[in-house]
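Just so it is clear, none of the values below were taken in a lab; they were calculated from the coordinates. Quick caveat: nothing in here was measured; it's all calculated off a predicted structure. Virtual Cβ from ideal backbone geometry, glycine too; neighbours counted across all protein chains shown.
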Amino acid sequence: MTFVVTENCIKCKYTDCVDVCPVDCFHEGPNFLVIDPDECIDCTLCEPECPAHAIYSEDELPEGQEQFIQLNAELSKTWPGISEVKDALPDADEWNGKPDKLRYLER
């Protein structure tokens, strides 16, 4: 089992989760973070740190977010790792909680 970054991270990209990850399994894209399922040790530390509530255990994903399991696995192979906290995107607070953000994902 692994943890998965879901749709609400898109266009927010808060990095509070990165700070607590003991194995540096997060990877950063232009407007989204992903978790490498091969590196995640299922420690649960990242989930409560996400201000956007966008991180879930893969077996507790909200309905409609299942495609993010594959998306995290795919993008973590090409995006660079991130191990330090960075500022969220400038308009992150405005995007937090908006539905249907997958179309805005920048690869």
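Right, LEU45: closer than 12 Å to TYR14 by Cβ and not in a helix (DSSP H, G or I) or not?
no
Take the residues of the stretch 61-102 that are aliphatic (A, V, I, L, M) and assigned to a loop (DSSP other than H, G, I, E, B): which is surrounded by the most Cβ atoms within 10 Å (Cβ to Cβ)?
It comes out as ILE82.
Just checking, how many residues over the stretch 1-51 are crowded, with 22+ Cβ neighbours inside 10 Å and free of Cβ contacts under 8 Å to residues at least 12 places away in the same chain?
Residues meeting the conditions: 0.
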